[in-house]
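Q: I'd like to ask you about the structure that follows.
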């Protein structure tokens, strides 16, 4: 019995030391991590995936209709990021946390965003990047090789401007 308890304890300790603990901003990923293949169900009925988008610079914008900070940030993303960089090869996907299709369609229309929006039932896509208990307003920038190159949290103008610079620099590498 003692051997079994010892074995279980070692396995538990091993699991805990390898578990991804969230950082101070709730992220369980970091710059340099490779993003696994994730499939997105877009609100227009189409699907895409990280593998489909390989070779492009991707911005995942995590949002929800009930999020005040998201609502503040989205017009800036539309005007200062999407409209500026979409013709240079940037792909933005707004990933709406755990809301039904009708709500997400209405939200996108209300916010006036024209970049693609994706459903995220159960916040499972969100959970790949951040602790599911963490706040939703965040952006993940992914390079053409599928590596995370920038992470934002909340909407702070200095960080937002830095994100735009990172996107522009990455697009000019292509």
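We did not get these values from a lab; they are worked out from the coordinates using the rules stated. Quick caveat: nothing in here was measured; it's all calculated off a predicted structure. Here Cβ is always computed from backbone atoms with ideal geometry, including for glycine, and neighbour counts include all displayed protein chains.
Q: Over all alpha-carbon pairs in the stretch 23-173, figure out the percentage whose distance exceeds 29 Å.
A: On the way: 671 of 11325 pairs.
Above the 29 Å cut-off, the stretch 23-173 has 6 percent of its Cα pairs.
Q: Can you tell me how much longer the chain between residue 56 and residue 109 gets when fully stretched, taken as 0.36 nm per residue apart minus their C-alpha distance, in nm with one decimal?
A: Values: separation 53, 0.36 × 53 = 19.08 nm, distance 2.58 nm.
In short, 16.5 nm is gained.
Q: Give the angle, between 0 and 90 degrees and rounded to the nearest 10, that separates the Cα long axis of helix 157-173 from the longest principal axis of the Cα atoms of the chain.
A: The angle comes out near 80 degrees.
Q: Run the numbers for residue 145 and residue 24: contour at 0.36 nm per residue of separation, minus the present Cα-Cα distance, in nm. Mind showing how you got there, number by number?
A: Numbers: separation 121, 0.36 × 121 = 43.56 nm, distance 2.66 nm.
Taking residue 145 through residue 24 to full extension adds about 40.9 nm, to one decimal.
Q: Quick one: go through the stretch 121-145 and flag any residue whose amide nitrogen is under 13 Å from the point 7 Å out along the Cα-to-Cβ line of residue 154.
A: Under 13 Å, as judged by backbone N against the label point of residue 154, lie 135-138 of the stretch 121-145.
Q: Moving on. As I understand it, the value is the acute angle between the Cα axis of helix 101-111 and the longest principal axis of the Cα atoms of the chain; what does it come to in degrees, rounded to 10?
A: 50
Q: Obtain the nm distance between the two label points defined at residue 66 and residue 132 by a simple spin-label model: each point lies 7 Å from its Cα along the Cα-to-C-beta direction.
A: The two pseudo-label positions are separated by 1.5 nm.
Q: Right, here's the next one. Quick one: angle between helix 2-18 and the longest Cα principal axis of the chain, in degrees between 0 and 90, rounded to 10, please.
A: 20
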